[in-house]
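Contents: one structure, followed by commentary.
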């Protein structure tokens, strides 16, 4: 049966070749501010004195730690391992000594401590490479998927979903879409990697083409990145199977569902995934990492991070080792504390980012930017005022939600009502907060509500499991009691039967003796003694 939502890849490409694009509802046009960091090549920086490597940096299940304190590890050596398909390993970002395995502040809005491996670099950066798969076209897809998994690759565009799972769809792939839009202001990490490493991105795309076998491949780049667009066109010049298109600058056009709508005119179902309409989407940085893993045997141990904001004297893009504390990157970019009233570092961009709890928070796989604004750049949460019910947030929402209602219910912790207004469909793009005249940090309330809902669900699940364990135990105890009672009953019956049998034997013996005596007397009476007997 044909899915009525499935797109026609050839038709989509034909429309793109004619210059036809679509649009999504809502969206905003904030100042780009990308020129702060995108004018210089990606900087390869020195290793930090210490690395804090969280053991879970992806959506899914964390692996089991397979190193111990004091152990020397090589660069790219796996620090965790798991057979769970929803788990990918993390690796040593460089060679060195494991100094601690303990809780450490996380790269999360809450900063909640999570299990982290502390690594002290030895300055050698000695690699432990995986076997190269240069002729990958002769390798089975399952082997390539295993390589992508073992390299620890997750989506580098922000979601952090394990790439090997996405790359094994159970439905046919009409369009493989490569996302080079990078629509959020200030961030230019994808821009620079497309300019400087377009050929390796192309290699990653070719590997994905071999694995998922799409009918068409589309690369989308926002029109404010002309150099990146030209670099990709040059890299793909002789590949007629790839369509490269420029999309208008609008936030959040880089969102997965929004970009699919721009390119195809089709909407991904609210409760569905892109593959439900025949699409798979990957970030350009993910493609680069895939090529590194397959062709060069390198695990994912670093990523490009944008260091930007008016409080930095030297904004730039850097190759940052995973686990690098943000304090080290602030030193690289020459942070000027006099330009801030209170020290504030935002992990991510101004729309979707969050304030890091302290300077030791590490770079993780989904960290694409550190924004350090001065006193005038971004408003503080303390500037929040009462909602005036203007409705601008609803007009700006690209997901077609009602942010005002979501805000009220989230703030009041009326989570059932918030869920009734499709809180889970919020992509946390921040467009609603950007247009809010009351400067309400709406996304913060939504994130808090989602986190609480998740915790409530986990507690409910724990409670349900505890109830099931209790009921199972009670049933087991009852079954044991019944088994003991049955055993005792059977034993009692056996004893009674034994006693009855013994009683019957005695009666039989007595009866036999009496019968013999009776027979003897009868015989004596029937045969009286004669004179000769006398």
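The values are calculated or read from the model by the stated rules, or taken from the named source; none is laboratory data. These figures come from a predicted structure and were not determined experimentally. Glycine also receives a Cβ, built like all others from the backbone with ideal geometry; neighbour counts cover every protein chain displayed.
The table below gives the values:
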| item | result |
| --- | --- |
| Condition broken by residue 430, with the remaining ones in (1) under 25 Å from the mean Cα position of the chain (by Cα); (2) modelled with pLDDT under 95; (3) under 29 Å from residue 104 (Cβ atoms); (4) surrounded by fewer than 18 Cβ atoms within 10 Å (Cβ to Cβ) satisfied | (4) |
| Residue selected from the stretch 395-408 under the condition part of a helix (DSSP H, G or I) and in contact (Cβ under 8 Å) with a residue 24 or more places away in the chain, by the criterion surrounded by the most Cβ atoms within 10 Å (Cβ to Cβ) | 403 |
| Qualifying residue in the stretch 182-203 (condition: buried (at least 23 other Cβ atoms within 10 Å of the Cβ) and farther than 26 Å from residue 316 by Cβ) | no |
| Count of the stretch 162-206 residues which are more than 23 Å from residue 230 (Cβ to Cβ) and not in a strand (DSSP E or B) | 12 |
| Extreme residue, farthest from residue 441 (Cα to Cα), among residues of the stretch 101-112 that are surrounded by 14 or more Cβ atoms within 10 Å (Cβ to Cβ) and touching a strand residue (DSSP E or B) at 6+ places or on another chain (Cβ under 7 Å) | 101 |
| Filter result (outside any helix (DSSP H, G or I) and surrounded by fewer than 19 Cβ atoms within 10 Å (Cβ to Cβ)) within the stretch 128-157 | 128, 129, 130, 131, 132, 133, 134, 135, 139, 140 |
| Conditions (1) without any contact (Cβ under 8 Å) to a residue 60 or more places away in the chain; (2) over 24 Å from residue 142 (Cβ atoms); (3) touching a helix residue (DSSP H, G or I) at 6+ places or on another chain (Cβ under 8 Å); (4) not in a helix (DSSP H, G or I): number failed by residue 217 | (2) |
| Tabulated pairs, the stretch 2-22, first within 15 Å of residue 176 (Cα to Cα), second at pLDDT 95 or above and loosely packed, with under 12 Cβ neighbours inside 10 Å, C-beta under 7 angstrom, 6+ apart or interchain | none |
| Residues located in the stretch 42-71, provided they are part of a loop (DSSP other than H, G, I, E, B), out of contact with any helix residue (DSSP H, G or I) (no Cβ under 6 Å at 6 or more places or on another chain) and more than 16 Å from residue 98 (Cβ to Cβ) | 46, 56, 57, 58, 59, 60, 61, 62 |
